[in-house]
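Step one of this worksheet: look at the structure below.
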Amino acid sequence: MNERDALRALTADLPHAGDDAAVVDGTAITTDMLHERTDFPSRTTRYTAGWRAVGASLSDVAAMGAAASAAVAVYADAAFDREELSRFVAGAVDVCEAVDAEYVGGDLDEHVEFTTATTAIGDVTEAGSVTRGGARPGDALCVTGEWGRSAAALRLFERGGEDDIERANELFRFTPRVADGLALAGTATAMMDSSDGLARSCHQLAEASDVGIEIERDAVPVHPAVEAVAEDSAERFELAAHFGEDFELLCAVSEAEIAGVREGCPSGLTRIGTVVEEPDGEAGPRVLADGDPLPDRGFTHGDE
């Protein structure tokens, strides 16, 4: 059973589960766990790890359209190194400050590998929270920012040169789209973050909203770093759409609202497709790219 199957099994007993964060009495709350073996390539600095781990939870708050307020983290390792711990906390503090939130502490533990668990909270504004389940046929499908930066970073980590490693760490330190999420709250009919990749996120949003989705490959904004590592246009789209962990926002917006809300999104808002009616039964695929089925493929914990 992979992560998605496990979540489906739990949803019946946990009514708040299924979105990027739970909302309880006006507070959005979310938690994540990252491991050295699966989430931090060799030579990821502890500063980058602190930034990225806490940023992942802040991204979930952003996806709900909430204003991030605070975060905590568990730091676990086989042994504690003062410098590494200090750098981790510095990264956590800095990513919180980047979105007007505060890093307020956490816990320490021993573990066989470097592992961190993070929790972030945020305040839902008068605009209300945004879930994955409200997209309507006719809505424009839009994304924030640029895609593929984490895939490009992994390629640079693999190259291993000093300049490559420095650049890879920079690319791993994304800015959570809290400001964009706040701009979209009250306008977006559905929204989620893209930790599992664009293609898989499209499938998840379509499933939650009981709709279909059609996107245009050339409309997807690709991060410039991808151009330096992709051999051709097919690999370029592969890295942008299927790798995952870019932590951008995917949302559905009424066509009449796009121009107005775009002005409020500091990372930019790009239309990549359209929400359509859900296919009847097994009549066709739920998500299409340029008219062809877009595979439900991306990052999922527990996949072989």
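List the residue pairs whose Cβ atoms are under 7 Å apart, where the first residue sits in region 19-34 and is on the phi > 0 side of the Ramachandran plot and touching a residue at least 60 places away in the same chain (Cβ under 8 Å), the second is loosely packed, with under 15 Cβ neighbours inside 10 Å and in a strand (DSSP E or B), and the two are 6 or more positions apart or on different chains.
From residues that are on the phi > 0 side of the Ramachandran plot and touching a residue at least 60 places away in the same chain (Cβ under 8 Å), the pairs are GLY26/ASP123.
Taking the condition touching a Lys or Arg at 6+ places or on another chain (Cβ under 8 Å), of a type in the set (Asp, Glu) and over 24 Å from THR270 (Cα atoms), does GLU113 pass? It would help to see each step written out before you state the result.
On the way: touching a Lys or Arg at 6+ places or on another chain (Cβ under 8 Å): yes; of a type in the set (Asp, Glu): yes; over 24 Å from THR270 (Cα atoms): yes.
Against the criterion (touching a Lys or Arg at 6+ places or on another chain (Cβ under 8 Å), of a type in the set (Asp, Glu) and over 24 Å from THR270 (Cα atoms)), GLU113 qualifies.
When you check ALA151 against the structure, is it surrounded by 14 or more Cβ atoms within 10 Å (Cβ to Cβ), assigned to a helix (DSSP H, G or I), out of contact with any strand residue (DSSP E or B) (no Cβ under 9 Å at 6 or more places or on another chain) and not β-branched (Val, Ile, Thr), yes or no?
Numbers: surrounded by 14 or more Cβ atoms within 10 Å (Cβ to Cβ): yes; assigned to a helix (DSSP H, G or I): yes; out of contact with any strand residue (DSSP E or B) (no Cβ under 9 Å at 6 or more places or on another chain): yes; not β-branched (Val, Ile, Thr): yes.
Answer is yes for this residue.
Is it the case that GLU97 is free of Cβ contacts under 8 Å to residues at least 12 places away in the same chain and either part of a helix (DSSP H, G or I) or surrounded by 18 or more Cβ atoms within 10 Å (Cβ to Cβ) (or both)? Break it down stepwise before answering.
Numbers: free of Cβ contacts under 8 Å to residues at least 12 places away in the same chain: yes; either part of a helix (DSSP H, G or I) or surrounded by 18 or more Cβ atoms within 10 Å (Cβ to Cβ) (or both): yes.
Judged against the criteria, GLU97 is a match.
Do we find a residue being in contact (Cβ under 8 Å) with a residue 24 or more places away in the chain, within 26 Å of ASP180 (Cβ to Cβ), assigned to a loop (DSSP other than H, G, I, E, B) and among the hydrophobic types (A, V, I, L, M, F, W, C) anywhere in region 103-126?
The answer is no; no qualifying residue exists.
Filter region 154-176 down to residues that are not in a helix (DSSP H, G or I) and not β-branched (Val, Ile, Thr) and give me whichever is nearest to ALA240 (Cα to Cα).
Step one: of region 154-176, the residues not in a helix (DSSP H, G or I) are 160-161, 173-176.
Applying the additional criterion that residues be not β-branched (Val, Ile, Thr) yields 160-161, 173-174, 176.
Working: GLY160: 22, GLY161: 23, ARG173: 17, PHE174: 15, PRO176: 18 Å.
Across region 154-176, the extreme among qualifying residues is PHE174.
Take region 222-241 and flag every residue that is surrounded by fewer than 17 Cβ atoms within 10 Å (Cβ to Cβ) and part of a loop (DSSP other than H, G, I, E, B). Lay out the reasoning, then the answer.
If we filter region 222-241 for residues that are surrounded by fewer than 17 Cβ atoms within 10 Å (Cβ to Cβ), which is where we start, we get 224, 227-228, 231-235.
Across region 222-241, the qualifying residues are ALA228, GLU231, ASP232.
Mind telling me which of the residues ALA289, ALA283 ends up being aliphatic (A, V, I, L, M), modelled with pLDDT under 95 and outside the structural domain of GLY65 (by TED's automatic domain parsing)?
Values: ALA289 fails: modelled with pLDDT under 95.
It is ALA283.
So if I check each of ALA206, ALA179, ALA199, which one is part of a helix (DSSP H, G or I), of a type in the set (A, V, I, L, M) and within 22 Å of TRP51 (Cα to Cα)? Reasoning before the result, please.
Working: ALA206 fails: within 22 Å of TRP51 (Cα to Cα); ALA199 fails: within 22 Å of TRP51 (Cα to Cα).
Answer to the selection: ALA179.
Restricting attention to region 163-170, does a residue exist that is modelled with pLDDT of 95 or more, outside the structural domain of LEU249 (by TED's automatic domain parsing) and either in contact with a Lys or Arg (Cβ under 6 Å, 6 or more places away or on another chain) or aliphatic (A, V, I, L, M) (or both)? I'd like the intermediate steps shown before the answer.
So in region 163-170, the residues modelled with pLDDT of 95 or more come out as 163-170.
Adding the requirement that they be outside the structural domain of LEU249 (by TED's automatic domain parsing) leaves none.
The answer is no; no qualifying residue exists.
The values are calculated or read from the model by the stated rules, or taken from the named source; none is laboratory data. Note that the structure is predicted; figures quoted are calculated from it, not measured. Virtual Cβ from ideal backbone geometry, glycine too; neighbours counted across all protein chains shown.
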